[in-house]
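A.B. asks: The following block contains the structure, expressed as C-alpha cells.
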Amino acid sequence: MAAEVNLSKDDLIKKEIRRLNAIFKDLDGNQRKVVKPLIETAAFLTISLDELQTIINENGYTEEYQNGKNQSGQKQSEEVKTHIAMTKNLTAIIKQLCALVPPERKKESRLAALRSE
C-alpha cells in the first residue's frame, strides 16, 4: 500500500469498490442491485481497517486508564475495539457476497476434489 499513501480515503474506497465490482461482475442485474450497498460497505470497512491497523501499530493495543484516585491500569484501546467490531462486520458481508457467487465461478478446493475421487 506504499504507492497508495498519497491517495485520499475516498479514492482508496473507490479503488476497492472497483476491485470488488470486478470480482462480482458476473452477477445478474437484480443481484447487482442488492450487492451494491454490500460492496460499498465492504470497501469502506476494508480501508478503515487499514487505517486502524496503522494507528494500532503506532500506539499499541492497550492504553492507560484512570478511574478516580486509586483505580488505574491498562485496557484495550478504543481503536482495537473498533477494529474487532469492524472485522466481524466485514467478515459477515464477505460471507454474504460469497454466497451470491454463481456455483460455476466457485473453485472446488483440493480437499473436496480428493474426497470425490
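Each reported figure results from applying straightforward, stated rules to the coordinates on display, with no laboratory input. The model shown is predicted, which means the values in this text are computed figures rather than measured ones. Cβ coordinates were reconstructed from backbone atoms using ideal geometry, including for glycine residues, and neighbour counts include every protein chain displayed.
A.B. asks: Pull out a ≥ b ≥ c, the square roots of the eigenvalues of the alpha-carbon gyration tensor of region 8-103, then state rounded if a/c is under 1.5, prolate if not and a/b is larger than b/c, and oblate in the remaining case.
C.D. replies: Prolate is the answer for region 8-103, as a/c is 1.5 or above and a/b outweighs b/c.
A.B. asks: Short version: ³J(HN,Hα) in whole Hz for each residue of region 67-84, in order, from phi by Karplus 6.51 cos²θ - 1.76 cosθ + 1.60 (θ = phi - 60°), x for Gly and Pro, what are they?
C.D. replies: Values, residue by residue: 10, x, 6, 9, 10, 8, x, 10, 9, 4, 6, 4, 4, 5, 4, 5, 4, 4 Hz.
A.B. asks: For the charge dipole of region 8-103, defined by +1 on Lys and Arg C-beta atoms and -1 on Asp and Glu C-beta atoms about the Cα centroid, which residue among Ala22, Leu45, Leu12 has the Cα displaced farthest towards the positive pole?
C.D. replies: Ala22
A.B. asks: Here are some pairs, Lys75/Lys95; Lys33/Lys95; Lys25/Lys81; Lys36/Lys75; Lys9/Lys95; which of them have Cα atoms lying more than 26 Å apart in this structure? Mind showing how you got there, number by number?
C.D. replies: Working: Lys75/Lys95 31 Å; Lys33/Lys95 17 Å; Lys25/Lys81 34 Å; Lys36/Lys75 37 Å; Lys9/Lys95 24 Å.
Pairs exceeding the cut-off: Lys75/Lys95; Lys25/Lys81; Lys36/Lys75.
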